[in-house]
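Before any comments, here is the structure.
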Amino acid sequence: AQQQRNLDNIVSQQPRISGGKKSKKEFSASSELEVKNTSPMSEQDSGILDVEDEDEEEEVPGAQDLVDFSPVYRCLHIYSVLGAREIFESYYRKQRRKQARLVLQPPSNMHETLDGYRKYFNQIVGFFVVEDHILHTTQGLVNRAYIDELWEMALSKTIAALRTHSSYCSDPSLVLDLKNLIVLFADTLQGYGFPVNQLFDMLLEIQDQYSETLLKKWAGVFRNILDSDNYSPIPVSNEEVYRKIVGQFPFQDAELEKQPFPKKFPFSEFVPKVYSQIKEFIYACLKFSEDLHLSSTEVDDMIRKSTNLLLTRTLSNCLQNVIKRKNVGLTELVQIIINTTHLEKSCKFLEEFITNITNVLPETVHTTKLYGTTTFKDARHAAEEEIYTNLNQKIDQFLQLADYDWMALEPGSRASDYLVDLIGFLRSTFAVFTHLPGQVDVHSTMSGKVAQTACMSACKHLSTSLLQLLLEAEVRQLTLGALHQFNLDVEECEQFARSGPVPGFQGDTLQLAFIDLRQV
């Protein structure tokens, strides 16, 4: 079955194969190589290849070459002569049924290695190959109905055993090897005329489990990428590095192309890395669907569903964890916003990538859409929210240092120190937003928007907090000196709003944040 499958693959890859059949020698060499590479055979089987080596022209040995059937034939002959053939028939079938039950009992640690599964399958194949031979070489010692009934029992027991054992497996490459082994097992027995559809149906169940093990593996991959990222734009010093990154990630920017080296991409390392890993995941999904006799639409649907889980569940969780991480800096959050914007734009290229692999056009009815854009949008919104919360927390920390003497006779000569520091912090923070490197196409629309919202939210928060300080229940009395000092602080805030810390505000929009405070 393995040799036949390799031949089919060779033929399908080279449609115009020259000069008829392969010579026996070539055939045995290529298949032997394949067997060694993909499925090291058990001790009994390795004998097959040795036999071929001894005599090149000899056929691949069948059951009669590997098993001595003469005792069975002799017994059958003796019982027939004695007129008691039926007694032997019923004895033979009863004994073989018992042996079948033994063969179908999987070892308890079968799931630990591929060899465990291989031995199990070899035993079952051996049993049915022998029965098939008996069926064809004795008149009625066994009949088709008896073999079919045994095969039914074998199928249900094998499938139950595989369901149980494969569920213990957490290594995607072992699940993939197991799939290839089950396909070979099914193909072998199909060659003897046994129905194997149920095995292929069960492979579709194992495929869901394969997807789950892949998702677990990729969760670790994404975590490592996000943890090791430096969250700053990728610097490029020459054309070669530039081309390499553009080769890994679909990014075009005429402005950046024109700039002289050294220059910077707007996104950080994790963008090309995550994008490449999504493609690797798609390839890994595709590997499982080979040889399962599925239509290209089914394969396409399977890949898209798994990729959607990867995006909406695995990658989304990893991004959310980074955003919600303690002591994540504002510059990192801004970089995440830029990165997710670029990844969102790349989703259409992932759609094309899947289409090229499966040849199923996205316009086809029932084609599942990729939900990548929502994953990256959600991450971006979470990062924006985190920026606003983060800023407000920082403002609160400064405000804890506020120490007004409400009974002061004279005001100070300038705004309070804590407030000067606070305004200084806000200025430098918004400078980071507005001077983001490599921000060409995204600048005005995306981080500009975030900067404006963040600035407005910070000013409103500062204004309400100062108002609360002034109207605090414990403050029973105020001197004019204290009010003058407070006024200096409010003026400092208004001055900050007027200075346009973030471009793009209409007129005095930002100053309106302090209007209630000014009135009071």
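The values are calculated or read from the model by the stated rules, or taken from the named source; none is laboratory data. No experiment lies behind these values; they were computed from the predicted model shown. All Cβ positions, glycine included, derive from the backbone under ideal geometry; neighbour counts span all protein chains shown. Keep in mind that these areas ignore ligands, DNA and RNA; they rest on the heavy atoms of the full protein, side chains included. Shrake-Rupley method; radii C 1.70, N 1.55, O 1.52, S 1.80 Å.
Count the lysine pairs in region 211-360 whose Cα atoms lie under 21 Å apart, taking only pairs 8 or more positions apart in sequence or on different chains.
Value for region 211-360: 28.
Tell me, in nm to one decimal, what length is gained between Arg476 and Leu361 on full extension, where the rule is 0.36 nm per residue of separation less the Cα-Cα distance?
34.0 nm
Shape of region 211-360 from its Cα gyration tensor (a ≥ b ≥ c, root eigenvalues): rounded if a/c is under 1.5, otherwise prolate when a/b > b/c, or oblate?
Numbers: a/c = 2.57, a/b = 1.45, b/c = 1.78.
It is oblate, given that a/c is not under 1.5 and a/b is not larger than b/c.
Once you put a point 7 Å from the Cα of Asp421 and another 7 Å from the Cα of Asn109, both along the Cβ direction, what distance in nm separates them?
For the pair Asp421/Asn109, the computed spacing is 6.4 nm.
Rounded to whole Å and sorted largest first, what semi-axes of the equivalent ellipsoid does the C-alpha gyration tensor of region 111-228 yield via the square root of 5 times each eigenvalue? Spell out each step's value before the answer.
Values: eigenvalues 279, 28, 21 Å².
Gyration-tensor ellipsoid for region 111-228: 37, 12, 10 Å.
Under 5 Å between amide hydrogens, which residues at least 5 positions from Lys264 or on another chain qualify, with H placed 1.01 Å from N in the peptide plane?
The list, which skips near neighbours in sequence, is Val236.
So how compact is the chain: Cα radius of gyration and Dmax in angstrom?
Spelled out, the Cα radius of gyration and Dmax of the chain are 36.5, 132 Å.
On alpha carbon coordinates alone, what is the Rg over Rh value for region 283-415, Rh being the Kirkwood radius?
1.32
State in Å² the accessible area per residue of the chain; use a 1.4 Å probe, count heavy atoms of protein chains only, and round to the nearest integer.
53
Considering only C-alpha atoms, what is the centroid distance from region 198-257 to region 363-425, in Å?
If we compute the Cα centre of each part, the gap is 31 Å.
Using each residue's phi in region 482-491, evaluate 6.51 cos²θ - 1.76 cosθ + 1.60 at θ = phi - 60° and report the 3J(HN,Hα) Karplus result to the nearest Hz, with x for Gly and Pro.
My calculation for region 482-491 gives 5, 5, 4, 4, 5, 4, 4, 5, 4, 4 Hz in order.
Can you run phi through the Karplus equation (6.51, -1.76, 1.60; θ = phi - 60°) for region 336-347 and list ³J(HN,Hα) in whole Hz, with x for Gly and Pro?
So the J values, rounded to whole Hz, are 4, 4, 5, 4, 5, 4, 5, 5, 4, 5, 7, 4.
What GluC sites (Glu not before Pro) does region 262-334 have in DSSP loop regions with at most 16 other beta carbons within 10 Å?
Values: sites: Glu269, Glu280, Glu290, Glu298, Glu332; in loops: Glu269, Glu290.
The qualifying sites are Glu290.
If R0 is 35 Å, what FRET efficiency do you get for Arg414 and Gln393 from their C-beta distance, rounded to 0.05? Display every interim value, and only then the final one.
On the way: r = 26 Å, r/R0 = 0.76.
Plugging the Cβ-Cβ distance into 1/(1 + (r/R0)^6) gives 0.85.
Computed over the Cα atoms, what is the radius of gyration of region 228-308 divided by 2.2 N^0.38 Å, N being its residue count?
Cα Rg divided by the expected 2.2 N^0.38 Å: 1.48.
Roughly how many nanometres apart are two label points built 7 Å out from the Cα toward the Cβ at Tyr283 and Gln506?
Between Tyr283 and Gln506, the simple spin-label model gives 5.2 nm.
Between Ser167 and Ser499, take the C-beta separation as r, use R0 = 51 Å, and let me know the FRET efficiency to the nearest 0.05.
0.20
Going through region 446-520, which GluC sites (Glu not before Pro) have at most 11 other Cβ atoms within 10 Å and a DSSP loop state?
Counting only loop positions with at most 11 other Cβ atoms within 10 Å, the GluC sites (Glu not before Pro) in region 446-520 are Glu472, Glu474.
Assuming 0.36 nm per residue, please report the length gained on full extension of the stretch Lys324 to Ser232 beyond their Cα-Cα distance.
This chain segment gains 31.3 nm when fully extended.
What are the ³J(HN,Hα) values, in whole Hz, obtained from phi via the Karplus relation 6.51 cos²θ - 1.76 cosθ + 1.60 with θ = phi - 60°, for each residue of region 252-263 in sequence order, with x given for Gly and Pro?
After applying 6.51 cos²θ - 1.76 cosθ + 1.60, I find 10, 8, 4, 4, 5, 4, 6, 4, x, 6, x, 9 Hz.
For the chain, what is the mean residue ellipticity at 222 nm derived from helices alone (per DSSP H run of n ≥ 4: -39500 (n - 2.57); sum divided by total residues; nearest 500 deg cm²/dmol)?
The helix-only estimate for the chain comes to -22500 deg cm²/dmol at 222 nm.
Sort 388-399, 238-249 for me by packing, meaning the mean count of neighbouring Cβ atoms within 10 Å per residue, highest on top.
In decreasing order of mean packing, 388-399, 238-249 become 388-399, 238-249.
If the chain between Arg144 and Lys119 were fully stretched, how many nm would it gain, using 0.36 nm times the residue separation less the Cα-Cα distance? Please list the in-between numbers first.
Details: separation 25, 0.36 × 25 = 9.00 nm, distance 2.62 nm.
Extra length available between Arg144 and Lys119 comes to 6.4 nm.
Collect residues whose amide H, placed 1.01 Å from N in the peptide plane, falls under 5 Å from the amide H of Ala408; neighbours closer than 5 in sequence don't count.
The list, which skips near neighbours in sequence, is Thr479, Ala482.
Roughly speaking, to the nearest percent, how much of region 64-194's 1.4 Å accessible area is carbon and sulfur? All intermediate terms of the calculation are to be shown ahead of the outcome.
Working: 3670 of 6780 Å².
After summing per-atom areas, the C and S share lands at 54 percent.
Average projected area of the Cα convex hull of region 364-434, in nm²?
Mean projected area of the Cα convex hull: 7.9 nm².
Among 78-87, 112-121, how do they line up from the highest to the lowest mean number of other beta-carbon atoms within 10 Å?
On the way: 78-87: 12.1, 112-121: 17.3.
Order by mean packing, descending: 112-121, 78-87.
At a Förster radius of 45 Å, what calculated FRET efficiency corresponds to the Cβ-Cβ distance of Asn317 and Glu240, to the nearest 0.05?
0.80
Please report the carbon-and-sulfur percent of the accessible area for region 235-339; probe 1.4 Å, protein heavy atoms only, DNA, RNA and ligands left out.
Percent of accessible area from carbon and sulfur atoms in region 235-339: 51.
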